[in-house]
1. Run down PHE78, PHE89 and say which single residue is at pLDDT 95 or above and surrounded by 14 or more Cβ atoms within 10 Å (Cβ to Cβ).
2. So which of ARG72, ARG44 is assigned to a loop (DSSP other than H, G, I, E, B) and either surrounded by 13 or more Cβ atoms within 10 Å (Cβ to Cβ) or at pLDDT below 95 (or both)?
3. Answer yes or no: is there a residue in segment 57-77 that is touching a helix residue (DSSP H, G or I) at 6+ places or on another chain (Cβ under 8 Å) and on the phi > 0 side of the Ramachandran plot.
4. With respect to SER107, determine if the residue is closer than 15 Å to ASP63 by Cα and exposed (fewer than 13 other Cβ atoms within 10 Å of the Cβ).
5. Kindly list the number of the only condition in (1) out of contact with any strand residue (DSSP E or B) (no Cβ under 7 Å at 6 or more places or on another chain); (2) without any contact (Cβ under 8 Å) to a residue 24 or more places away in the chain; (3) surrounded by 11 or more Cβ atoms within 10 Å (Cβ to Cβ); (4) within 23 Å of GLU36 (Cα to Cα) that fails for SER50.
6. Scan segment 100-114 and tell me whether some residue there is in contact with a Leu (Cβ under 7 Å, 6 or more places away or on another chain) and closer than 15 Å to SER22 by Cβ.
7. Only one of (1) surrounded by 17 or more Cβ atoms within 10 Å (Cβ to Cβ); (2) farther than 18 Å from PHE27 by Cα; (3) in contact (Cβ under 8 Å) with a residue 40 or more places away in the chain fails for GLU59. Which number is that?
8. Out of everything in segment 85-99 that is part of a helix (DSSP H, G or I) and in contact with a strand residue (DSSP E or B) (Cβ under 9 Å, 6 or more places away or on another chain), what residue ends up being nearest to ARG53 (Cα to Cα)?
Amino acid sequence: MQVSDNFKKRAKIKSVELEYLSKEKIFKIIRQHRRELKRYGVKRIGLFGSFVRGENKKESDIDIIVEFEKGRKNFDNFMNTVFLLEKLFGRDVDILTPESINKHLKSYIMKEAIYEEI
């Protein structure tokens, strides 16, 4: 019975946290985990989409551009970065690299993005 009650409390707390996740809090969390991100070769992270525009909802994913250090962009570093960010934020994170952005959307996304150096 107590395990169930604890689970309900944690679930409730998590959903409240998700409602109040802001771009400022996202960047604060990123700054707190610079060491882990550097381990995966991350050079800088850009936030774009609903969180930048202030249109995010409780269930919104986080749209991120990741730039890797020269020679460090590989499948393992990319996936480890995805897993780390999803764990930190407790929600889906859509990660793009500058090279992977659709050429028709690139200028719009790059203008909207707010960056944090790692």
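The values are calculated or read from the model by the stated rules, or taken from the named source; none is laboratory data. Because the structure is a prediction, the values reported are computed rather than measured. Positions of Cβ are generated from backbone atoms using ideal geometry, with glycine treated the same way; all protein chains shown enter the neighbour counts.
1. PHE78
2. Numbers: ARG44 fails: assigned to a loop (DSSP other than H, G, I, E, B).
Result: ARG72 is the single residue among ARG72, ARG44 that is assigned to a loop (DSSP other than H, G, I, E, B) and either surrounded by 13 or more Cβ atoms within 10 Å (Cβ to Cβ) or at pLDDT below 95 (or both).
3. Scanning segment 57-77 turns up no residue that is touching a helix residue (DSSP H, G or I) at 6+ places or on another chain (Cβ under 8 Å) and on the phi > 0 side of the Ramachandran plot.
4. no
5. Going through (1) out of contact with any strand residue (DSSP E or B) (no Cβ under 7 Å at 6 or more places or on another chain); (2) without any contact (Cβ under 8 Å) to a residue 24 or more places away in the chain; (3) surrounded by 11 or more Cβ atoms within 10 Å (Cβ to Cβ); (4) within 23 Å of GLU36 (Cα to Cα) one by one, SER50 breaks only (4).
6. Let us first name the residues in segment 100-114 that are in contact with a Leu (Cβ under 7 Å, 6 or more places away or on another chain), namely 113-114.
Subset that is closer than 15 Å to SER22 by Cβ: 114.
Yes, that holds for at least one residue.
7. Going through the list (1) surrounded by 17 or more Cβ atoms within 10 Å (Cβ to Cβ); (2) farther than 18 Å from PHE27 by Cα; (3) in contact (Cβ under 8 Å) with a residue 40 or more places away in the chain, GLU59 breaks only (1).
8. PHE89
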